[in-house]
Amino acid sequence: MNAKRIIHNVYMLEKDGVKILATKSKYGSHYGERKIGEFREWIPSRSKLSAMFMKGYVIDIKPNWKVLYLGAASGTTVSHVADIVDEGVVYAVEYSAKPFAKFLELAKERKNIIPLLQDASKPWKYSGIVEKVDFIYQDIAQKNQIEIFENNARFFLKEDGEGVIMVKARSIDSTAEPEDVFRQVIRRLKESFKVIAYGSLEPYHKDHIYVHVRMK
Ligand SMILES: C[S@@+](CC[C@H](N)C(=O)[O-])C[C@H]1O[C@@H](n2cnc3c(N)ncnc32)[C@H](O)[C@@H]1O
């Protein structure tokens, strides 16, 4: 098996001619993903961040970064982010109790995950716990998700911090053309941030884009 390093603890494995994204991890499987030696497969159809890497867009997430993760669900993607920031911390916000229960199992075994059962649209409610962060990752599929991102950035993002927003066209406007929704979202984000890049997550996630931003 061939393993090519992408960023800290993220590798592209090549096994029998098939490419598999994976994180180097001392932990076991969390969501049914395969363990391949010291790696955990990072499945792009299950994780938009994996899909972004698979599409060739790489963000050099550093091992010591502090991350605020909005929309943790049961921790599929958080588990891989925690593998990457193994000297840092992931503050992970989720407001739905059902996925949060499974997420807590993950947080129990990982020292660098702080689980927060909170509403991401009310950042002041967790501002006593979350410190200034290097990176905000948001995957919450809400109509007002851009406003939610802006508010969290205002509270928690360092001056030179950056972030990624995963945008699902249908959650913002179910009747408009996805391209129009994306154009509007980018325009809105440019008012408060420097938009570094954006791109489609197809074929892994239909009508979704990632947007990579930095504080202005
Ligand atoms: C698409 S799922 C996230 C999947 C997850 N990021 C992953 O890749 O493993 C969206 C999650 O955002 C949560 N969510 C939506 N609005 C939220 C809010 N205002 N505050 C906190 N969580 C929210 C939902 O409950 C849901 O679990």
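Scanning the stretch 112-154 for residues that are open to solvent by less than 20 Å² (accessible area, probe 1.4 Å), more than 11 Å from the ligand (Cβ to nearest atom) and among the aliphatic types (A, V, I, L, M) yields 113, 130, 133, 136, 146, 153. In this structure, residue 163 qualifies as at negative phi and either touching a residue at least 24 places away in the same chain (Cβ under 8 Å) or among the aliphatic types (A, V, I, L, M) (or both). The residues in the stretch 119-157 that are outside any loop (DSSP other than H, G, I, E, B) and not aromatic (Phe, Trp, Tyr) can be counted, and the count is 16.
Checked against the criteria, residue 108 counts as over 22 Å from residue 213 (Cβ atoms), modelled with pLDDT of 95 or more, outside any strand (DSSP E or B) and more than 14 Å from the ligand (Cβ to nearest atom).
Selection within the stretch 148-174: residues that are of a type in the set (S, T, N, Q) and either at pLDDT 95 or above or touching a Lys or Arg at 6+ places or on another chain (Cβ under 9 Å) (or both). The member of this set that is farthest from residue 49 (Cα to Cα) is 151.
Is at least one residue of the stretch 1-19 part of a loop (DSSP other than H, G, I, E, B), modelled with pLDDT under 95 and of a type in the set (A, V, I, L, M, F, W, C)? Yes: one or more hits. Kindly provide the set of residues from the stretch 155-173 that are open to solvent by 70 Å² or more (accessible area, probe 1.4 Å) and within 16 Å of the ligand (Cβ to nearest atom), ordered by number. Passing the criteria: 155, 170.
Scanning the stretch 23-77 for residues that are assigned to a strand (DSSP E or B) and either within 16 Å of the ligand (Cβ to nearest atom) or closer than 28 Å to residue 131 by Cα (or both) gives 23, 24, 40, 41, 66, 67, 68, 69, 70. Scanning the stretch 77-111 for residues that are in contact (Cβ under 8 Å) with a residue 40 or more places away in the chain, open to solvent by 20 Å² or more (accessible area, probe 1.4 Å) and closer than 22 Å to residue 12 by Cα turns up just one, 86.
Within the stretch 127-176, the only residue that satisfies the criterion of being closer than 20 Å to residue 61 by Cα and of a type in the set (Ser, Thr, Tyr) is 137.
The values are calculated or read from the model by the stated rules, or taken from the named source; none is laboratory data. Keep in mind that this is a model prediction, so the values were computed, not measured. Because the Cβ atoms are built from the backbone with ideal geometry, glycine has one as well, and the counts that use them run over all protein chains shown. SASA here: full protein model, heavy atoms, side chains in, ligands and nucleic acids out. Shrake-Rupley method; radii C 1.70, N 1.55, O 1.52, S 1.80 Å.
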